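S.K.: First the structure, which I've put down as structure tokens, then a few questions once you've had a look.
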Amino acid sequence: MGSSARPETMFAWRKHRGNPEPIWEEVPVPKPTPTGVLVKILASGVCRSDRSLLSREKQAGWFQDKWTLGHEGCGRIVEFGADVKDTTLKVICERGQHCGIGQDGYYAPYATIDIRGVVLVPEGVTPAEAAVATDAVNTAYHAITRRGEVKASETVFLFGLGGLGFNALQIIHNIGARVIVSDIRQQRLDEAIKLGIPEADIVPVGKSPVEFVAERGLLVDTVADFVGTHQTFDDAQDIVRRGGKILCIGSIDSENTVHMKTGTRKRLSYIFSYGGQVEDLKEVLDLIAKGVIRPQVQPGKLEDFPTVLKNLEDGKVEARVALIQDE
């Protein structure tokens, strides 16, 4: 596609410093840097963290005063920067960097990405799946396989089957570890059962995880907390075995309490994880292509982003939504 076929401007969902609501704003179509590419966005995933990015003004120093939201993106390369030598890539996905987090991201028709963050999407993976894979799957994969180093011999207690947690469940299940699952929504627990998790390993809605583990005499090696509330973090410290690991990924509550007596007495490892690496993303996309991981993603429209985000916050979205755009 030549540059003459592209518009000079576009509308994008933007964050303005001091305003907690997204702004639908006309901005110039960006040009790729010498080591970057210009991408026609096909799909961009909506994440709960978009709300915190909008509402929290205390951010890293490199955050711009105005920037385009959206940190999960998949699209088609339409222009290479002058210094980019690898022109074999045709369809791309982005691994994170800072796109959509303090600097321009993917809630727009076009975006620029440095070539170091570009990953080829394999055959059989849809743009919507690829978009959410960059965070909702990649973050879960990185936490479980690299940070937590979960093994098939382990028993893992998983809190939360949302956009990241259900993907984590599939990853742990594929590893071969036993998974004990807790969620406040019965329909999400039903999805876990469909995946092959025994009903005996599902914590009933309303049942205390601490009581569930104690009554069954379970020895929990690793707790994967994809919720991050005061309750789940406290429960995690109670139910994990001596010498066990607590994987902290969710952060609904921005501050939680490490119980020092519990942590020292049980010699616990508290492992925090965020995002993933480009090599992780390549592995994740391959697993999706093989059908090992099946991201649950619903379609939406770019112009409906505020409504989609509110529905996500209100629990009306079971897993993930990808905003689809025409090629």
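All of the numbers you see were taken from the coordinates with simple rules; none came from a lab. All of these numbers come straight from a predicted model, not from anything done at the bench. Virtual Cβ from ideal backbone geometry, glycine too; neighbours counted across all protein chains shown.
S.K.: So how much slack lies between residue 207 and residue 49, counting 0.36 nm per residue of separation and subtracting their Cα-Cα distance, in nm?
M.R.: Values: separation 158, 0.36 × 158 = 56.88 nm, distance 2.79 nm.
Residue separation times 0.36 nm, minus the Cα-Cα distance, leaves 54.1 nm.
S.K.: Next question. Using a simple spin-label model with points 7 Å from Cα along the Cα→Cβ vector, what separation in nm is obtained for residue 194 and residue 279?
M.R.: Calculated label separation equals 3.5 nm.
S.K.: Points 7 angstrom from Cα along the Cβ direction at residue 262 and residue 219: gap in nanometres?
M.R.: Reported label-point gap for residue 262 and residue 219 is 2.1 nm.
S.K.: Moving on. Of the peptides 217-226, 132-141, how do they stack up when ordered by the mean number of other Cβ atoms within 10 Å, highest first?
M.R.: The densest-packed peptide leads the list: 132-141, 217-226.
S.K.: Another one. Given 4 °C and 1.567 mPa s, compute D for the range 253-318 with the Stokes-Einstein relation, Rh being the Kirkwood radius over Cα pairs; round to the nearest whole µm²/s.
M.R.: Stokes-Einstein gives a translational diffusion coefficient of 79 µm²/s.
S.K.: Suppose every Lys and Arg Cβ carries +1 and every Asp and Glu Cβ carries -1, with no other charges. What dipole size does the range 13-81 come out with about its Cα centre, to the nearest 20 debye? If you can, show how the numbers build up before the last one.
M.R.: On the way: 11 positive and 8 negative charges, 29 e Å.
Here the range 13-81 has a charge dipole of around 140 debye.
S.K.: Only loop residues by DSSP count here, and only those with at most 14 other Cβ atoms within 10 Å; note down the chymotrypsin sites (Phe, Trp or Tyr not before Pro) in the range 233-327 that meet that.
M.R.: Answer by residue number: 274.
S.K.: Let me have the relative contact order for the range 174-280, percent, based on Cα pairs under 8 Å that are six or more residues apart.
M.R.: Once normalised by length, the contact order is 20 percent.
S.K.: Please list, short to long, the whole-number percent of alpha-carbon pairs of the range 189-327 in consecutive 5 angstrom bins beginning at zero.
M.R.: All Cα pairs considered, the percentages come to 2, 8, 12, 15, 18, 18, 13, 8, 3, 2, 0, 0.
S.K.: Are there trypsin sites (Lys or Arg not before Pro) in the range 1-43 that DSSP puts in a loop and that have at most 15 other Cβ atoms within 10 Å, and which ones?
M.R.: Sparse-neighbourhood loop trypsin sites (Lys or Arg not before Pro): 17.
S.K.: Hey, which of these cross-link pairs are over 29 Å Cα-Cα: 31/282; 66/282; 207/261?
M.R.: With Cα atoms farther than 29 Å apart: 66/282.
S.K.: I would also like to ask the following. Roughly how far apart, in whole Å, are the Cα centres of the range 193-246 and the range 257-327?
M.R.: Taking the Cα centre of the range 257-327 as reference, the centre of the range 193-246 is 19 Å away.
S.K.: Which far-off residues, 5 or more places away or on another chain, put their amide H under 5 Å from the one on residue 223, with H placed in the peptide plane?
M.R.: HN-HN under 5 Å from residue 223: 157, 245, 246, 247.
S.K.: When the dipole is taken about the Cα centre of the chain, and only Lys, Arg (+1) and Asp, Glu (-1) are charged at their Cβ, what size is it in debye, to the nearest 20?
M.R.: 740 debye
S.K.: Among the GluC sites (Glu not before Pro) in the range 127-221, which ones are in a DSSP loop with at most 15 other Cβ atoms within 10 Å of the Cβ? Mind listing them? Display every interim value, and only then the final one.
M.R.: On the way: sites: 129, 149, 154, 191, 199, 211, 215; in loops: 149, 154.
Here the sparse-neighbourhood loop sites are 149.
S.K.: Here is a further query. Quick one: Debye curve from the alpha-carbon atoms of the chain only, equal weights, vacuum; give me log10 I(q)/I(0) at q = 0.15 Å⁻¹ to two decimals.
M.R.: The calculated log intensity ratios at q = 0.15 Å⁻¹ are -1.19.
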